[in-house]
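A short worksheet on the structure shown next.
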């Protein structure tokens with residue numbers, strides 16, 4: 001592996017760690033965790049997700065999602081509803097109390113984005129976003145290929 005690619009991987013890792021650390025701090029200031037923040041944001045975009053679907057997105061075990069959702073449910077931010085087609089699945093929906101919190105968290109997200117993109121020209125930012133999407137697509141294809149190989153072995 002050449003140094004330029006290796007440096008890119010280190011840079012991406014360091015940036016992701018910095019963003020996670022800042023998001024943790026911001027979420028704590030609202031009495032929640034980054035994972036809970038992510039759950040609320042995802043449910044806002046895609047109401048009715050299952051706990052398993054959320055676990056895959058958040059990259060944690062389903063039992064961890066269940067505990068996080070338990071806490072959000074205890075604060076009346078999320079509710080579980082039975083899946084109409086499969087009684088083993090719970091569909092997750094935001095409760096009205098989550099809306100003002102999501103508005104505040106969106107302010108925090110916008111501020112984080114402003115900080116991360118400060119000094120980057122819009123055209124360059126568009127190129128970066130396109131490149132990151134392609135990298136994400138490449139990694140997803142790699143994971144699928146590895147899973148397919150494992151399954152056929």
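The values are calculated or read from the model by the stated rules, or taken from the named source; none is laboratory data. Predicted model only: the values in this text are computed from it and were never measured. Quick reminder, even Gly has a Cβ in these numbers, built from the backbone with ideal geometry, and neighbours come from all protein chains shown.
A few remarks follow.
- The set of residues in the stretch 84-96 that are in a loop (DSSP other than H, G, I, E, B) and closer than 21 Å to residue 41 by Cα comprises 89, 95, 96.
- Every pair of residues 6+ apart whose Cβ atoms lie under 9 Å, when the first sits in the stretch 8-24 and is without any contact (Cβ under 8 Å) to a residue 40 or more places away in the chain while the second is surrounded by 10 or more Cβ atoms within 10 Å (Cβ to Cβ) and outside any helix (DSSP H, G or I): 24/33
- For the stretch 103-123, the condition holds for no residue, the condition being that it is over 30 Å from residue 11 (Cα atoms) and in contact with a strand residue (DSSP E or B) (Cβ under 8 Å, 6 or more places away or on another chain).
- Filter pass, residue 123 being surrounded by fewer than 11 Cβ atoms within 10 Å (Cβ to Cβ), in a helix (DSSP H, G or I), outside the structural domain of residue 26 (by TED's automatic domain parsing) and more than 17 Å from the chain's Cα centre (by Cα): yes
- Verdict on residue 7 being in a helix (DSSP H, G or I), at pLDDT 95 or above and not assigned by TED's automatic domain parsing to the domain that holds residue 136: no
- Test set (1) in a helix (DSSP H, G or I); (2) closer than 23 Å to residue 44 by Cβ - residue 138 fails condition number: (2)
- Qualifying residue in the stretch 59-78 (condition: surrounded by fewer than 12 Cβ atoms within 10 Å (Cβ to Cβ), in contact (Cβ under 8 Å) with a residue 12 or more places away in the chain and not in a helix (DSSP H, G or I)): yes
- When the criteria are applied in full, residue 70 meets the requirement of being farther than 15 Å from residue 101 by Cα and either modelled with pLDDT of 90 or more or not assigned by TED's automatic domain parsing to the domain that holds residue 100 (or both).
- Filter result (touching a strand residue (DSSP E or B) at 6+ places or on another chain (Cβ under 8 Å) and at pLDDT below 95) within the stretch 92-102: 102
- Test: residue 27 is part of a loop (DSSP other than H, G, I, E, B), modelled with pLDDT of 90 or more and farther than 13 Å from residue 92 by Cβ: no
- You will find that of 45, 88, 114, the residue that is assigned by TED's automatic domain parsing to the domain that holds residue 18, without any contact (Cβ under 8 Å) to a residue 24 or more places away in the chain and under 18 Å from the mean Cα position of the chain (by Cα) is 45 and no other.
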